[in-house]
Structures are given as C-alpha cells and as structure tokens.
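The values are calculated or read from the model by the stated rules, or taken from the named source; none is laboratory data. If you're wondering where the values come from, they're calculated on a predicted model, not measured in any experiment. A quick note on method: Cβ atoms are made from the backbone with ideal geometry, for glycine too, and the neighbour counts reach across all protein chains shown.
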C-alpha cells in the first residue's frame, strides 16, 4: 500500500515509517522541509513538501500520489504553543477537506490521545478532541487511535525529561505515585496505527492504545530510573499540601500544580481490549520496552 504519513520525521512518525517498510508498504512522508526530514529517515523513503496549515497546499500532492491511506501523526504537543490550535485543529480540518477531493477518498488514521477522555483537560487534549470531531464529521473513512503516554527511543519530550528528573538527588511524587497509568512503547503504537490503515472492516472505530497492564506512577518512574542508570530517591509529596498551594499558584498564572493535583486524584488505566480484538494488538511488557529504549544508549 502507498500510505502518506504526516509528521513522518517525528518521534512516532519515524516508527510508523519503519513499520511500513518492514511490511513492504510504500511510505510517503509529508513535511514542510523534505530535505531535513529525509535526514532522519531511511534513504528509500520519499519525502514531499506540504504544509497542513496552508489552504490547498496538499491538493497537487494528493492528486499526483493518490495514497490509499493517510496516517496523521503531525501535531503540536506543547500546551502553551501559539501554533497548538492552528496545527492540531486547523491542520486536521485542511487535511480532511483536501482528502475529500480524491475519488475514492483514502482511509484516514487520525492519531489522537487518551487524554481527551482522561481528566484533567489540557489545552493539548482539548485541541485533539476538537480535531477528532473534525475527522468524525468529514465523511471520510476513518479510524481514530488514542494512545496513552508514549515512551521509547528517539523521544525528545517525555522520556528524556523523566530521565533527567530521576537521574540523581530526590524526586518528589505527589501522594507517593499511587495512581495507575498505562505507558506504551512507541513501536507498539506504530504497529497498531499501521494495522488501522491496512485492516478492513474497522472504519469509524476508536481504539485506545496502552501498555499491557496498568502500573503505578511510582513504579513506572522507578523502572525508568533503573533502566536509564539513575539513582534518585523517590520521595512522597503529600497531595494535600500541594492542593493547598495550587490555587494560590494558579492565581499567579502557574496552572501546572493544579493539574498535577487533579491528575493524582484519579486512576488513568486504558482499556485496550478493542485493539487486542480487532488489530491483534499485543503491547510488550514495560521491562522489554525500557530495554529497547535504553540498552542501545549504554
């Protein structure tokens, strides 16, 4: 299959491209800077110039290439970025508008996030929820994927930030990190997205993608610390103490603590049964994913 990947040179996108190549498909990567994107991709991968924020920018590309499916990974993930809504919502809207010009239209696999249904809401999760609505109302054949926290090699955001925080000294975790999360290895998400593009009979469905079992925040951070060679002491920050100061910090424009309090008051497990049933989704154990993430770096 010829499959167009937006954000194909990014963290998740590179793993999607690698999976497509492994299966013998033809990935086509859309990028605003094709030459730069090509530097991080295998030589055989074709990169084409296109900007999701520009009206009609994709029409000539789509007409010439006619992909059978599109995996839409491109997104802004920083909450306070001025381009968050323009890329995540506006980009999705322009993409679906231009995909509808093809006959037949390709299947659109839209990469959302589990945080759209996992409180507390953030600017990012709200932008992704709005993008989902754009996709659902498009009239295109679509599949939506909602991954949980993604970790793995090549990550430039969540994984290295956590590694730095557990490298040494004291690492404070609200409420001892008792709440449950379900982080997922990037290669497993990529494989599921490719299945969403290739497998018949699943149009219109939404799949939640997480690791095989829930794990506490404490145990996840301890596992990352140990796998990355850190030696920080994991200490408990009383949640009630943070809850007392969070409203004052919010008045001062610091919204992060209030979000942390809300996060640690709820469980965040992911129901992956539909993906297991329909996509043969078999996420690897955390220990195996962390070994693939950190062992090559040692």
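Odds and ends about this structure:
- Across segment 171-213, the qualifying residues are those that are assigned to a strand (DSSP E or B) and under 16 Å from the mean Cα position of the chain (by Cα), and the one among them that is surrounded by the fewest Cβ atoms within 10 Å (Cβ to Cβ) is 206.
- On inspection, residue 8 does not qualify as under 22 Å from residue 126 (Cα atoms) and modelled with pLDDT of 95 or more.
- Of the residues making up segment 246-281, those that are more than 20 Å from the chain's Cα centre (by Cα) and not in a helix (DSSP H, G or I) are 252, 253, 254, 255, 264, 265, 266.
- Residue 253 vs. criteria without any contact (Cβ under 8 Å) to a residue 60 or more places away in the chain, on the phi > 0 side of the Ramachandran plot and exposed (fewer than 15 other Cβ atoms within 10 Å of the Cβ): yes
- Subset of segment 141-158 (residues that are in a loop (DSSP other than H, G, I, E, B) and surrounded by fewer than 22 Cβ atoms within 10 Å (Cβ to Cβ)): 141, 149, 153, 154, 155, 156, 157
- Scanning segment 106-139 for residues that are touching a helix residue (DSSP H, G or I) at 6+ places or on another chain (Cβ under 8 Å), surrounded by fewer than 20 Cβ atoms within 10 Å (Cβ to Cβ), assigned to a loop (DSSP other than H, G, I, E, B) and at pLDDT 95 or above gives a single hit, 138.
- Annotation: residue 271 fulfils all but one of (1) surrounded by fewer than 17 Cβ atoms within 10 Å (Cβ to Cβ); (2) out of contact with any strand residue (DSSP E or B) (no Cβ under 6 Å at 6 or more places or on another chain); the unmet one is (2).
Okay, residues lined up against (1) assigned to a strand (DSSP E or B); (2) in contact with a strand residue (DSSP E or B) (Cβ under 7 Å, 6 or more places away or on another chain); (3) at positive phi:
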position	(1), (2), (3)
27	yes, yes, no
36	no, no, no
41	no, yes, no
47	yes, yes, no
57	no, no, no
62	no, no, no
67	no, yes, no
80	no, no, no
87	no, no, no
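- Considering only residues in segment 226-245 that are assigned to a helix (DSSP H, G or I) and touching a helix residue (DSSP H, G or I) at 6+ places or on another chain (Cβ under 8 Å), the one that is nearest to residue 175 (Cα to Cα) turns out to be 239.
- So residue 223, is it assigned to a loop (DSSP other than H, G, I, E, B), within 23 Å of residue 296 (Cβ to Cβ) and either in contact (Cβ under 8 Å) with a residue 60 or more places away in the chain or more than 21 Å from the chain's Cα centre (by Cα) (or both): no
- Check on residue 17, surrounded by 15 or more Cβ atoms within 10 Å (Cβ to Cβ), on the phi < 0 side of the Ramachandran plot, touching a strand residue (DSSP E or B) at 6+ places or on another chain (Cβ under 8 Å) and assigned to a helix (DSSP H, G or I): yes
- Residue within segment 31-50 that is surrounded by 15 or more Cβ atoms within 10 Å (Cβ to Cβ) and farther than 23 Å from residue 18 by Cα present: no
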